[in-house]
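Peer 1: For reference, the structure I am asking about is given below.
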Amino acid sequence: FPSRELAKMSGIFTLLLSGDSPPPMVLEVVVKSGQRLILVVRVTPLKREGEVAGAIAVLRDITEIRQAVRLLQASEQRNRLLIDNANEGVVVVHEGAMQFANRKALEIVGQLGYTVRELKDRRLEDFVHFEDRQMFREARRKRLAGEEPHDVRMCRLVGKTGQVRWIEMNAVRLTWDGMPAVLVFLNDCTDRKQAEDSLRKSEELYRLIAENSLDVIWTMDMGFHVTYVSPSVERL
């Protein structure tokens with residue numbers, strides 16, 4: 001036995017000599033080859049005429065189980081680190097409620113003015129703009145039914161004071177506590193959406209100006225080919 005296990009063995013012998021049955025104990029032992037094994041040891045005293053005359057020991061090798069558990073824990077820890085530090089929101093939606101949200105997801109929804117406690121008590125659908133809820137419900141229904149729409153959908157989330165954030169959502173089906181659930185990936189695209197809207201409005205404004213100007217307006221590429229000419233050219 002390694003030196004740190006000797007105290008455990010001493011405790012087992014003390015209980016045996018007093019006639020008590022020690023509780024099951026996990027011990028590490030070193031075999032002749034030098035390999036270390038993890039054993040569950042259960043010892044029961046044998047009595048003769050009321051006196052302890054010996055003991056029965058049952059040993060179970062749990063080395064492989066322990067190693068598998070450690071590997072699983074290490075894998076879970078790595079996955080947790082990856083998910084918590086992802087630049088994309090990750091949410092598990094089960095029975096409509098958010099069962100899990102990573103740091104980025106809490107940051108995204110937190111911009112709506114809600115606390116973590118409020119997020120846990122609400123359904124994800126509660127944050128979706130009323131004009132987008134039907135689309136959100138239909139997409140969730142299809143995923144739970146196994147009809148996987150792989151497209152990324154854009155919807156609006158509404159904050160406490162009415163502020164709106166544009167979110168890109170993509171989701172896949174998974175099992176959560178033995179029940180169908182949806183793993184949702186979130187990306188806040190509010191700034192990009194606002195920039196696109198501003199660009200579209202700007203393009204629309206300049207198009208109206210060009211098409212209603214009395215002057216002839218045209219553009220050419222680097223080869224001097226005309227790429228656009230305003231309608232006023234007809235009057236000219």
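The values are calculated or read from the model by the stated rules, or taken from the named source; none is laboratory data. Just so it is clear, the structure is predicted and the values come from calculations on it, not from any experiment. Note that we place each Cβ from the backbone using ideal geometry, even for glycine, and neighbour counts take in every protein chain shown. Just the protein is used for accessible areas: all its heavy atoms, side chains included, with ligands, DNA and RNA removed. Shrake-Rupley method; radii C 1.70, N 1.55, O 1.52, S 1.80 Å.
Peer 1: Evaluate the following for LYS201: is it part of a helix (DSSP H, G or I), of a type in the set (D, E, K, R), out of contact with any helix residue (DSSP H, G or I) (no Cβ under 9 Å at 6 or more places or on another chain) and within 29 Å of ASN85 (Cβ to Cβ)?
Peer 2: No.
Peer 1: Quick one: would you say GLN134 is open to solvent by 70 Å² or more (accessible area, probe 1.4 Å) and either in contact with a strand residue (DSSP E or B) (Cβ under 6 Å, 6 or more places away or on another chain) or at pLDDT 80 or above (or both)?
Peer 2: yes
Peer 1: Going by the structure shown, is ASP126 farther than 30 Å from SER232 by Cα, of a type outside the set (Ser, Thr, Tyr), surrounded by 11 or more Cβ atoms within 10 Å (Cβ to Cβ) and in contact with a Cys (Cβ under 6 Å, 6 or more places away or on another chain)?
Peer 2: Against the criterion (farther than 30 Å from SER232 by Cα, of a type outside the set (Ser, Thr, Tyr), surrounded by 11 or more Cβ atoms within 10 Å (Cβ to Cβ) and in contact with a Cys (Cβ under 6 Å, 6 or more places away or on another chain)), ASP126 does not qualify.
Peer 1: Which of the residues that make up segment 23-63 are touching a strand residue (DSSP E or B) at 6+ places or on another chain (Cβ under 9 Å), over 20 Å from GLY11 (Cα atoms) and either open to solvent by 40 Å² or more (accessible area, probe 1.4 Å) or assigned to a loop (DSSP other than H, G, I, E, B) (or both)?
Peer 2: Listed by number, the residues that qualify are VAL31, ARG36, ARG48, ASP61, ILE62.
Peer 1: Say whether the condition of being among the hydrophobic types (A, V, I, L, M, F, W, C), modelled with pLDDT of 75 or more and open to solvent by less than 30 Å² (accessible area, probe 1.4 Å) is met by at least one residue in segment 75-82.
Peer 2: No, segment 75-82 has no match at all.
Peer 1: Out of segment 173-191, which residues are open to solvent by 60 Å² or more (accessible area, probe 1.4 Å) and either without any contact (Cβ under 8 Å) to a residue 24 or more places away in the chain or of a type in the set (Val, Ile, Thr) (or both)?
Peer 2: Result: THR175, GLY178, ASP191.
Peer 1: Same structure, new question: Can you tell me which residue within segment 192-236, out of those that are open to solvent by 60 Å² or more (accessible area, probe 1.4 Å) and acidic (Asp, Glu), is farthest from VAL90 (Cα to Cα)?
Peer 2: Checked segment 192-236; the qualifying residue farthest from VAL90 (Cα to Cα) is GLU234.
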